[in-house]
Amino acid sequence: MLYLHSRLLPWGKERKRCYLHLYYNAHAAAQATDDFTEELLAYKKELETGFFNSNHEEAYKTFFTVKETPVRGRKVSFNNVGIAEHRNHYAGFYVLLSNDFKDPLEALSTYRNKDSVEKCFDDLKNQLDMKRLRVHSSPVMDGRFFVQFIALIYMSILRKKMRDSEMLDKYSVRELLLEMETLTQVRYSGKYGQIITEVTKPQCLIMEKLEVALPAWL
């Protein structure tokens, strides 16, 4: 369940118009609360054992009370007020600020699409080997760009099908391609025709999830 609230605000010295979109996601709040609880337990252990982390000093001061006594030594307890204030202010909340999108849902959709664009650039640089062009003429470079563009389309389609079939929870795109790499079609001249190498169980599950049918002659 997603709750949202928008407000029109002036921005900068020129007081230009901008929109502040505030979102609250109950599912994200539950996950954030669990993650925060794990962090608190780790901080508490650091305080109790004396293995301090300088990056956590603000958390020590805000979320804990530490008492030193000659008899009992160090006693660490939770600052429940500070913890509650942090959860109420941050767990499940996020904000988008835009000078263009008045509709909060449109702003959220555009922001989420940014992740898709970043994944495309990552695919080009890493999986499709575009860190260096390694070409010496403009026609060859144009051809390289065209082939890479077609490959990127296929990668994007594959990622979408994996997301729709919930396979991204188990495989990354690269891991799936590596899993399918051994599946090969061998063609013979003459009457022997063609065969496909033995299909493993993970490959069968992947093809089933992606709705890819094996050839009838397999």
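Each reported figure results from applying straightforward, stated rules to the coordinates on display, with no laboratory input. Keep in mind that this is a model prediction, so the values were computed, not measured. Neighbour counts are summed over all protein chains in view; Cβ atoms, including those assigned to glycine, are modelled from backbone coordinates with ideal geometry.
Please identify the longest segment of the chain free of exposed GluC sites (Glu not before Pro), where exposed means a DSSP state other than H, G, I, E or B and no more than 10 other Cβ atoms within 10 Å.
Between the exposed loop sites, the longest stretch runs 15-165.
Normalised by the number of residues in the chain, what is the relative contact order in percent for Cα pairs under 8 Å and 6+ residues apart?
14
Run the quick spin-label model on residue 26 and residue 78: label points 7 Å from Cα toward the beta carbon, then report their separation in nm to one decimal.
Distance between label points: 2.3 nm.
Once fully extended, how much extra length lies between residue 97 and residue 170, figured as 0.36 nm per residue of separation less the alpha-carbon to alpha-carbon distance? It would help to have the intermediate numbers written out before the result.
Values: separation 73, 0.36 × 73 = 26.28 nm, distance 3.37 nm.
This chain segment gains 22.9 nm when fully extended.
So if we plug the beta-carbon distance of residue 140 and residue 184 into 1/(1 + (r/R0)^6) with R0 = 35 Å, what FRET efficiency do we get, rounded to 0.05? Don't skip to the answer; put the middle values down first.
Working: r = 29 Å, r/R0 = 0.83.
Approximately 0.75, to the nearest 0.05.
What percent of all Cα-Cα pairs in the chain falls in each 5 Å bin, counting up from 0?
Taking every Cα pair in the chain, the percentages come to 1, 5, 8, 9, 9, 9, 11, 11, 10, 8, 7, 5, 3, 2, 1, 1, 0, 0, 0.
May I ask you to derive the relative contact order of the stretch 1-104, considering only C-alpha pairs under 8 Å and at least 6 residues apart, and to give it as an integer percent?
RCO, the stretch 1-104: 36 percent.
Show me the three semi-axes of the equivalent ellipsoid for the stretch 2-98, from the C-alpha gyration tensor (sqrt of 5 times each eigenvalue), largest first, rounded to whole Å.
Three semi-axes, in Å: 37, 16, 10.
Counting only chymotrypsin sites (Phe, Trp or Tyr not before Pro) that sit in a DSSP loop (anything but H, G, I, E, B) with at most 15 other Cβ atoms within 10 Å, what is the longest stretch of the chain containing none of them?
The longest such stretch corresponds to 53-187.
Taking trypsin sites (Lys or Arg not before Pro) that fall in a DSSP loop and have at most 10 other Cβ atoms within 10 Å as cut points, what is the longest piece of the chain between them?
135-218
Taking the Cα centre of each part, how many Å lie between the stretch 1-74 and the stretch 158-186?
Each part reduced to its Cα centre gives a spacing of 37 Å.
If one takes the longest principal axis of the Cα atoms in the chain, at what angle in degrees, from 0 to 90 and to the nearest 10, does the Cα axis of helix 138-164 lie?
Roughly 60 degrees, rounded to the nearest 10.
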